[in-house]
Number of protein chains: 2
Amino acid sequence: MLVVKIGGAAGNNMDTVCEDLAKLVRSGQEAVLVHGGSEETNAVSEKLGHPPKFITSPSGFTSRFTDRETLEIFAMVTSGKINTILVERLQKLGVNAFGLSGVDGRMMQAKRKEAVRAVENGRVRLLHDDHTGTIQAVDAPLLHMLIRAGLTPVVAPLAISPEGVALNVDADRAAAMIAGALKAESLVILTNVPGLMRRFPDESTLMPKIERSKLEEALKFAEGRMKKKVLGAGEALGEGVQRVIFADSRIPAPISSALAGKGTVIS
Amino acid sequence: MLVVKIGGAAGNNMDTVCEDLAKLVRSGQEAVLVHGGSEETNAVSEKLGHPPKFITSPSGFTSRFTDRETLEIFAMVTSGKINTILVERLQKLGVNAFGLSGVDGRMMQAKRKEAVRAVENGRVRLLHDDHTGTIQAVDAPLLHMLIRAGLTPVVAPLAISPEGVALNVDADRAAAMIAGALKAESLVILTNVPGLMRRFPDESTLMPKIERSKLEEALKFAEGRMKKKVLGAGEALGEGVQRVIFADSRIPAPISSALAGKGTVIS
């Protein structure tokens, strides 16, 4: 079992990722594709007159503040547009792709953050009405049922709370939790950089291998969104995934290259 | 098996429909919910700077002209927003709803209209680049698999062509084809009117019963979008559905009332 995460940010090449994934699936590889969509959500939010709002937590993580209207725009863009386009592209390549989000059949259950702490002008504020969640459980039997039926799940980063509220979740952590639940051999996290670098963005400082015991240390090299990817890698390994690979989506055959060891391999 | 179609037009009451459906499902009824989304697609298209375009065929049917950009907006609104909100609402009501469109796992296969004929200023023109389709086949085993797993499918009106192109399909015809493929006992088509009227919009001329042999005749009373609903009813009955009911979504317990015979019952 292989789980692949593709970013939504500019520079990610969906074409080569889909072609490579299709080749692997046609050769018998079982796979789940997880995608993001933050950047396009920002663009659509602007156009719809509801510009995105980002907050920084006291511990330094940046994330989207998701009021109800933003959640619905996020669902439109990720679950409606990006997901449909990925499924369509894979179908064209002969893969029986099947799109879903974590809301469908409660595939991903998440705990809603009742209030989020955000640093604004050096002061910590408490923000309510956020529709963001931390994934607590993945329904592995549901995904296995789809895979057994010959389908390749394509997952949009929405989850549902126990109360039945749709939530925006981090796509890297979603991919990690899914890989863990499915006991995947490999989790490939594709980005628009070659992997984790000791001195970002100097690509000559790429770290080709990280032992899982050294992951905490590696966290200090992670910039911005790479922090969540490193945290997700730790979670996935903790759940029984054999290796996590941070790899470049911009090169030919990006998934096969990652599986062959190109990028940052954490195991 | 029960198939319910809910319209996307203003005046349709999603709350009472979901509550009534939840009650039926909790009491053991197997069901599929199919929805539209035209009106909201128009609103979002306007906001995104790509206003909707409607065409009238030489035989008098009005439909959306769907270029690629419109298709993606249609997917965002129907599959991303409306579908997610319906699934969420049903989940809150204790129904394990599962959203999908016909693109997912090729659940609905459609023939793309290579070119569409449209009447403009009294002249017939041929328009290309339309992303609209006529449903040819519904994957009943895929829907049965979901239903057997305790899920209630919620279907967005997108289908896929044999070439793997996503297409906008008419939600009424989609509901009819799904009801036919599942050999549903009843297909309930909810609208913001009480049923088919002999003299629209005079509700005192509601036709409570139509025999299937008289459906052709009834077509002449159908105004605007009601024409497609009547055509869909004929298709569904032809595929083995026992009865089709056009009913009012604005009343309490709209589905149960329809099943009890309120509306226009065609059998």
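Every number in this text was worked out from the coordinates using simple rules, so none of it is lab data. Since we're looking at a predicted model, the values are computed, not measured. Cβ placement follows ideal geometry from the backbone for every residue including glycine, while neighbour counts extend to all protein chains displayed.
Tabulated values for the structure
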quantity: Segment A:110-141-segment B:164-223 distance, computed between alpha-carbon centres (Å); calculated: 45 Å
quantity: Dipole axis of the protein assembly as shown (+1 Lys, Arg; -1 Asp, Glu on Cβ), positive-most option in A:Leu126, A:Ser59, B:Ile135; calculated: B:Ile135
quantity: About the Cα centre, charge dipole magnitude for chain B (Lys/Arg +1, Asp/Glu -1 at Cβ), debye; calculated: 420 debye
quantity: Kirkwood estimate for chain B, i.e. one over the average of 1/r between Cα atoms, Å; calculated: 18.5 Å
quantity: Helix-only CD estimate at 222 nm, as mean residue ellipticity for chain A, using -39500 (n - 2.57) per DSSP H run (n ≥ 4); calculated: -9000 deg cm²/dmol
quantity: Projected area, mean over directions - segment B:20-161, Cα convex hull, nm²; calculated: 9.6 nm²
quantity: Other copies of A:Lys53: label-to-label distances in nm, shortest first, labels 7 Å along the beta-carbon direction; calculated: 3.9
quantity: Debye, to nearest 20: dipole size of the protein assembly as shown, +1 on Lys, Arg Cβ, -1 on Asp, Glu Cβ; calculated: 220 debye
quantity: Using a 7 Å Cα-to-Cβ projection, A:Thr134 label spacings across copies, nm, ascending; calculated: 5.5
quantity: Rg in Å to one decimal, and Dmax rounded to a whole Å, for segment A:76-145 via C-alpha atoms; calculated: 17.2, 53
quantity: Sequence-distant residues sharing a close amide H with B:Gly7 (under 5 Å, placed H); calculated: B:Leu190
quantity: Binned Cα-Cα distance frequencies in segment A:155-227 - 10 Å width, integer %; calculated: 16, 41, 30, 11, 2
quantity: Along principal axes, Cα extents of segment B:1-53, largest first, whole Å; calculated: 46, 18, 14
quantity: Unsatisfied cross-links (Cα-Cα over 24 Å) in the set A:Lys5/B:Lys111; B:Lys92/B:Lys209; A:Lys47/B:Lys228; A:Lys5/A:Lys228; A:Lys23/A:Lys228; calculated: A:Lys5/B:Lys111; B:Lys92/B:Lys209; A:Lys47/B:Lys228; A:Lys23/A:Lys228
quantity: The protein assembly as shown: equivalent-ellipsoid semi-axes (sqrt of 5 x gyration tensor eigenvalues, Cα, Å); calculated: 43, 23, 22
quantity: Shielding by partners - mean other protein chain Cβ count within 10 Å, residues of B:70-78; calculated: 5
quantity: Length-normalised contact order of chain A in % [C-alpha pairs under 8 Å, at least 6 apart]; calculated: 23 percent
quantity: Position B:Gly94, label points 7 Å along Cα→Cβ, spacing to each other copy in nm (shortest first, one decimal); calculated: 4.8
quantity: Descending semi-axes in Å of segment A:51-107, equivalent ellipsoid built from Cα gyration tensor; calculated: 29, 12, 12
